Amino acid sequence: MRTLHLATQGLEIGAAIGAAPLFVGWVNQCRAWLQNRRAPGLLLPYRGIRKLFHKDAVLAEHASSLFRITPYMVFGAMVLVAAIIPSMGTRLPLTVAADSIALVGLLATARMFMSLAAMDIGTAFGTLGARREMMVGFLAEPALLMVIFVAAMISQTTSLAAIAEHLSSQTLALYPSLAFTAVAFTLVLLAENARIPVDNPATHLELTMIHEAMLLEYSARHLALLEWAAALKLFNYACIGIALFVPWGVATGSQGPAGLLVSVPALALKLAAAGAGLALIETVSAKLRVFRAPELMATAFLFAVLGLLVHLLLGA
Amino acid sequence: MPKTPLDGALVLIAAWGIIGLAGLLRPHSVRFVGRVLFPLSALCGLALAVVAVAGMAAPTSRALLLVGLPDLPIHLRCDALACLFLLVLGAATTGISLFAGGYFRQGHGTAPGLLCLQYHIFLASMGCVLLADDAYAFMVAWESMALSSYFLVTTQHRLAEIRRAGFLYLLIAHLGAIAILLSFGVLQGGSWQFTFDSMRAAHLSAPWATAAFLLALLGFGAKAGLVPLHVWLPEAHPAAPSPVSALMSGVMLKTAIYGVLRVSFDLLGAPPWWWGLIALGVGLGSAFYGVIFTAVQTDMKRLLAWSSIENIGIIFAGLGLAIIFHGFGMGALAALALVAALYHCLNHAFMKSLLFCGTGAVLHATGQRNLGRLGGLMRGMPWVAWLTLIGALAIAGLPPLNGFVSEWLLLQAFLFAGDVPRAFVDMLLPVGAAIVALCTALAGYAMVKFYGVIFLGQPREPALADAQDAGFLERAGLVWLAAGCVALGVLPVQVIGMLNTVCRGLLGVSLADPATQWWLLAPTAARGASYAPPVFMAMSALVIVLTLLAVRMLYHRRVRRAPPWDCGYVRLDARMQDSAEGFGQPIRHIFEPFFLIRRELPGAFDRSPRYRMEISDRIWRYAYEPVALLVRRVADLVTVLQQGRISTYLMYSFVTLLVLLGVVL
């Protein structure tokens, strides 16, 4: 049994690292279809990353060592997040080490390092991106925490794996509180992953950028790692959403290896649906002015708190 | 060899006193004071920390010192609670004194020897506050603490601004002291015995107990810097020399927490639950108010002072939560909340001391406190920069450092409140959790600004390019404090084992034995709600190192240096970076109603356009200034009587006598 859990853990980490660019490719493909464009290849993100790895790294003259280690820190944090999320099975050895609060903390660590690195060169765009990232982040982080708290209070534990296990053991019932928090979570996902309406992943206009503005000074392998980390982040958020709101099908450990046979295809299907949904949201919404973004995040925060209150009032 | 922890602590406190006096031997020798006395003082601090840790498990010890006024012997007592705060004092002082050894130089202010005396009286009086077991001894120690720190704050007494800050500090410290004195007056409960033992024995009726608690909250809150009594903090902390700011923020504010704990749980016994609601409300309010002001500050020490208000608020929120749960008889949760609060006390002592000392090193290297004139110091001062980074990440509550542990514990306490008998409290608690989460995230924002503007980017002034890194003693102090932040973050189970002793002493219950596994923190019964910092840290390191190796093995490690790209813009200069004001702009925009903002905007045809903005505290403007104005008006009325001529005063006496005669006859 132990080896199975270890194998699940390894499979999960490997799958997340391997499939994250694919997920981004899928979202881009769906978006192109919805916008009546010819879709780029599904594997384009992999090619981009590979190309970047082969290039020579160019660093700004006065870049400090913080700037150089940040890509590794951010990528490492995202891999750890992937390890904690019960996307395929809930009996993961690493979930003991970090619960959902630690997961939010990890995401915050990555964000903070990213912003600090963006300030390191001292360019106008870098600091602008860092400031905006922190502005979106300081509202998105508590909103995400509140979303997780609702699920935690329903399942009486803060461990994401235990939450997913508890929720997947319930019969398909509508929790009004979870409906509120699902809305909040979607908004947080859009903001934290630099998607429309908060940021535009395909933008070429520097003044409107958040995430891309922070990466401007990076090149080659550092940039490749950060792009990969961004893809992983999107993948992770999608998996968190799946674990919280549609956990059915996840292997809870009682079924043995057969559980994985169900959970892996189930995860793939859910992710495909989530990617298509994301592309749909991005297609039908317009980008907000930067100063409307806090309002959006405040809405998310209030939705999550509302979900919490609904849970306390109705007990569901 | 001292037998009890109390004896040990007393010996070390006396040693501090002697070290202080030794400073007067050669008051102008920076070398003697800095290289000999301050390191000795750090050694005493370390010894005190060891004594305190050993004393935590020892039984309560008492002593009676027959000094002072006749018939008023000094009662001393050392229990687990006192030991915990002695640990805070000793451990933080070790780092701060080491740092201070390298920090104090010959300047315009107080001579180093005199400074050394004031500094050590301050340390010794903090120790005495923690050991005192009667109201007289407590008040004497409390007042010496306030006075010695007042003199330390006004080290640069030639500057009017600093004298003003010192005066404000003294004023609020005395308002607080009066409230504490009154609280003790209520606590003696008619027995007129002012030992803490008789206060414990006195059973007050509910209204009187409430009065005592509220007075204590007011008095200690003034010292701790709870909103709205916080106004002295952002003034006094920047005025003081950095090691003193570190001591005041890291340790002295904690003595106020100690006072509240002593009065509410020990002297009063069983606090009713709604006191906790007051403490929780005040705490959360302070945390939020403190953190939004942190994010808009432009002076690095003032920024840290506001951040102290936030952290004290979080500690009070934990305390309030503990009182609420205790009042409802929910033992395990009360213990969890109390442990979270105490843990945050320890954490804050290390993180804030580290940050204040870091700013001290920056101040010495550059002579600047204004964030708008700093930048790019990471390259010239790598030691200070990297060690300060640890403090900044810790205070932002990021795993696996120590700030995260207390945040985690506090959130667990909020979250599993579950079945509080009062429905509205049940509803309020998760909102409290939301506020704590928001404050932590905002603290992250403020710390990115603090760190990024000082250490990253390009130097905003040409002189910064040749800033020197800190000296050996300063580095040693910073390393000790940073190591404390990491150790408290990675080994929480061992620390909680200690805190549990305190918990048992105060609440009668302790956290369910967390030491089942030395690496796993699982304080609640909830399945899977656990956090294992050593594993977490090891895994992070492993993943990062593996990534690094993989990238190096699979590809190449070629690096080329070039001018920054900045989207092809070539004439990049340091003024194009965000200033501190610029970085704080979103917060100013979002939380505008909380600030009092005065803007001076240039007109379209100004020859020399100027842009100025000042953010001030609404509480100061609308609560303190009217009172000050009123006092001045009344004083003006009194001056009508004061003519300054002796004949007039004789006239007054004569008229008074006549009136009195008239009344008597």
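Assorted remarks:
- Choice from A:I84, A:I121, A:I240 showing the highest fluctuation, given a GNM over chain A with Cα pairs closer than 10 Å: A:I121
- For the range B:598-650: rounded, prolate or oblate by the Cα gyration tensor [a/c cutoff 1.5]: oblate
- Per residue of peptide A:65-78, the mean number of Cβ atoms on other chains within 10 Å of the residue Cβ is 4.
- Each Cα pair under 8 Å and six or more residues apart adds its separation to the average, and for the range B:308-460 the resulting relative contact order is 30 percent.
- Put simply, the protein assembly as shown fits an ellipsoid with semi-axes of 50, 33, 28 Å; these come from the alpha carbon gyration tensor as the roots of five times its eigenvalues, largest first.
- Per-residue Cβ neighbour rank within 10 angstrom, fewest leading, A:D56, B:D578, B:D419: B:D419, A:D56, B:D578
- Interchain or long-range residues, amide H under 5 Å from A:G89's placed H: A:A251
- Two-site label geometry, B:A562 and B:R105: point separation in nm, points 7 Å out along Cα→Cβ: 4.1 nm
- Sorted by Cβ density within 10 Å, fewest first, the residues A:F291, B:F414, B:F356, B:F99: A:F291, B:F414, B:F356, B:F99
- Estimated from helices alone, the mean residue ellipticity of the protein assembly as shown at 222 nm is -23000 deg cm²/dmol (sum of -39500 (n - 2.57) over DSSP H runs with n ≥ 4, per residue).
- Average other protein chain Cβ within 10 Å of Cβ, residues A:108-121: 6
- Note on the protein assembly as shown: dipole from Cβ charges, positive end direction compared against B:Y531, A:V24, B:L481; the farthest Cα belongs to A:V24.
- B:N370 paired with A:T171, simple spin-label distance in nm, labels 7 Å along Cα-to-beta-carbon: 7.1 nm
- Average beta carbon contacts from partner chains per residue of B:585-595, 10 Å cutoff: 3
- A full extension of the chain between A:M1 and A:A298 corresponds to an added length of 102.5 nm, given 0.36 nm per residue minus the alpha carbon distance.
- Compared with the dominant Cα axis of chain A, that is its longest principal axis, helix A:160-169 is turned about 40°.
- Note, ³J(HN,Hα) from phi for the range A:216-221, Karplus 6.51, -1.76, 1.60, rounded to Hz, x at Gly and Pro: 3, 8, 8, 8, 6, 5
- For B:R588, A:R132, order by how many other beta-carbon atoms lie within 10 Å, fewest first: B:R588, A:R132
- Phi-based couplings in Hz for the range A:231-241 (Karplus 6.51, -1.76, 1.60; Gly and Pro marked x): 4, 4, 5, 4, 4, 4, 4, 4, 5, 4, x
- ³J(HN,Hα) computed for each position of the range A:22-28 - Karplus, 6.51 cos²θ - 1.76 cosθ + 1.60, integer Hz, glycine/proline x: 4, 4, 4, x, 5, 4, 4
- Residue pairs exceeding 19 angstrom between C-alpha atoms, taken from B:K254/B:K449; B:K223/B:K449; B:K254/B:K352: B:K254/B:K449; B:K223/B:K449.
- Under 5 Å from the amide H of B:D134 lie the amide H atoms of B:H75, B:F196, each residue being 5 or more positions distant or on a separate chain, with H modelled from the backbone and absent for Pro and chain starts.
- Helix A:176-192 axis, angle to chain A major axis (alpha carbon atoms, nearest 10°): 20 degrees
- The range A:2-314: equivalent-ellipsoid semi-axes (sqrt of 5 x gyration tensor eigenvalues, Cα, Å): 30, 23, 19
- In plain terms, the chain from B:V431 to B:R610 could stretch by 60.1 nm, reckoned as 0.36 nm per residue minus the Cα-Cα distance.
Where a number appears in this text, it was derived from the coordinates with a stated rule and is not lab data. What you are looking at is a predicted structure, and each value in this text was computed from that prediction instead of being measured. Methodologically, a virtual Cβ is constructed for each residue, glycine included, from the backbone with ideal geometry; neighbour enumeration extends over all protein chains shown.
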